[in-house]
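The values are calculated or read from the model by the stated rules, or taken from the named source; none is laboratory data. These numbers come from a predicted model, not from an experiment. Cβ coordinates were reconstructed from backbone atoms using ideal geometry, including for glycine residues, and neighbour counts include every protein chain displayed.
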Amino acid sequence: MTRWRYAAATDTGLVRDLNEDALYVDATLAVVADGMGGHAAGEVASDIAVQVVRDQFAENPTVEGLYRGIETAHRIIQADARENPEHFGMGTTVIVVGLTVDPSGVRSPTLFNVGDSRAYQLRDGAIRQLSEDHSVAEEWVRMGRLTPEEAAVHPRRHQLTRTLGIEDMLEIDVQSVHATTGDRLLLCSDGLSNELSTESLAQLASAPVPLEEAVRLLVDGARAAGGHDNISAILLEFDEVDETTVPIKRTVSTTPRTPETAGEGARRPRRPRRVTWRSVLAVVVLLVVAGAFVGVMHWYAYSSYYLGNDGGRIAVYRGQPHGVLWFKPVKVLDTSYPLGQLRPADQGFVRQTIEEPTLRAALNYATYLHRSWALGQPSASTTTTTTTTTTTPGTSPTTTVGG
């Protein structure tokens, strides 16, 4: 059974007069919400998000229950803004990890994300960002229009593309968290991640101290770096972890609800059916839709690549790690890098699989992992055999600290 220990801290910072962040954490749920909007409206939105998600998850501790909690919070924030003109334009980010129960009864961690609050995974001194920022600058990084360095100082880095309470349609990133005993998860608002470098986050969040002291070190570090925004952090440490039998990684979109019609078409005596051009057309349409569905599923199933362990050597696979329907991943090639020539934490990430959007990105990342290991060896030089020597910006999801 999955179990974690936890600690949390929040602070107004040194510039803001009001703390518009809200957070909640217990034995099965962790939530951070970063509100936005004038006249205390951001505080209202973040409080609604935390309370509604907490209450809904308590009633239904499943992936569906957590999704419905976020969607309900989104609708309630919108309704509050309509009823209170002074709250117009308010919204909030939300980053959530819940120990959800799958159909087989297994309880495992699932991550939900809307906005630019972040989730990091820490293992053996290495840190990996699990969530993707939903901001204009970060979207451009994923499109290749900006480098991560350019995005860090871009004037639109704080302009969000997804929030709760603003647009009618809501998109939520959902993914299963693959963790092992001793791993830590850090959930935080951008008031923490904007002030501290990834290396500093890793050092402070991985410090061999009680979790309560670690989160205080994180908040104090952000204040010392300027404290320009509200600062919130939740730190989780797994004592035991179960893997879900139904892993998830997708973006779920909500749509406006429409009233359902009822009472139409009372039963009437059936007449003999005749084959007409309409029925033939209906069959053709169904076949086209079925073919399109198969085509879309095939595209999705093989739209990405990942690094995995193949008999002690890093291999590149095409497809989704656990397959999609009847489409199973296929091995593209074996690299020249033995798994043993990676840092211990990186070996663990490869065993869990590391997804990349293209074959080149996968090969580049394998080279990066091997070189990172080589730099820590007594000999300063390492020979690699891969023909890919360039690194596509924004493809590495892990930053390693301290070797």
Does Val215 count as outside any loop (DSSP other than H, G, I, E, B), of a type in the set (A, V, I, L, M, F, W, C) and modelled with pLDDT under 95? no
Counting only residues that are buried (at least 24 other Cβ atoms within 10 Å of the Cβ) and more than 16 Å from Ile70 (Cα to Cα), which one in the range 38-57 is nearest to the chain's Cα centre (by Cα)? Gly42
Checklist (1) at pLDDT 85 or above; (2) part of a loop (DSSP other than H, G, I, E, B) applied to Gln347, failing item: (2)
Matching residues in the range 191-212 - criterion: being outside any helix (DSSP H, G or I) and in contact with a strand residue (DSSP E or B) (Cβ under 6 Å, 6 or more places away or on another chain): Ser206
Filter result for Arg223 (under 24 Å from Ser46 (Cβ atoms), touching a strand residue (DSSP E or B) at 6+ places or on another chain (Cβ under 7 Å) and either at pLDDT 95 or above or outside any loop (DSSP other than H, G, I, E, B) (or both)): yes
In this structure, does Ala137 turn out to be modelled with pLDDT under 90 and either aliphatic (A, V, I, L, M) or outside the structural domain of Leu192 (by TED's automatic domain parsing) (or both)? yes
Scan of the range 312-332 for residues that are closer than 19 Å to Val177 by Cα and in a strand (DSSP E or B), ordered by number: Val324
Top-ranked residue of the range 60-100 - restricted to ones that are touching a Pro at 6+ places or on another chain (Cβ under 9 Å) and closer than 19 Å to Arg250 by Cβ, ranked as surrounded by the fewest Cβ atoms within 10 Å (Cβ to Cβ): Thr62
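Okay, residues lined up against (1) at pLDDT 85 or above; (2) surrounded by fewer than 14 Cβ atoms within 10 Å (Cβ to Cβ); (3) farther than 21 Å from Arg360 by Cβ:
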| residue | (1), (2), (3) |
| --- | --- |
| Phe293 | no, yes, yes |
| Val296 | no, yes, yes |
| Tyr302 | no, no, no |
| Ala315 | yes, no, no |
| Trp326 | no, yes, yes |
Run down Gly98, Gly13, Gly37, Gly69 and say which single residue is in the same structural domain as Leu196 (by TED's automatic domain parsing), modelled with pLDDT of 95 or more and at positive phi. Gly13
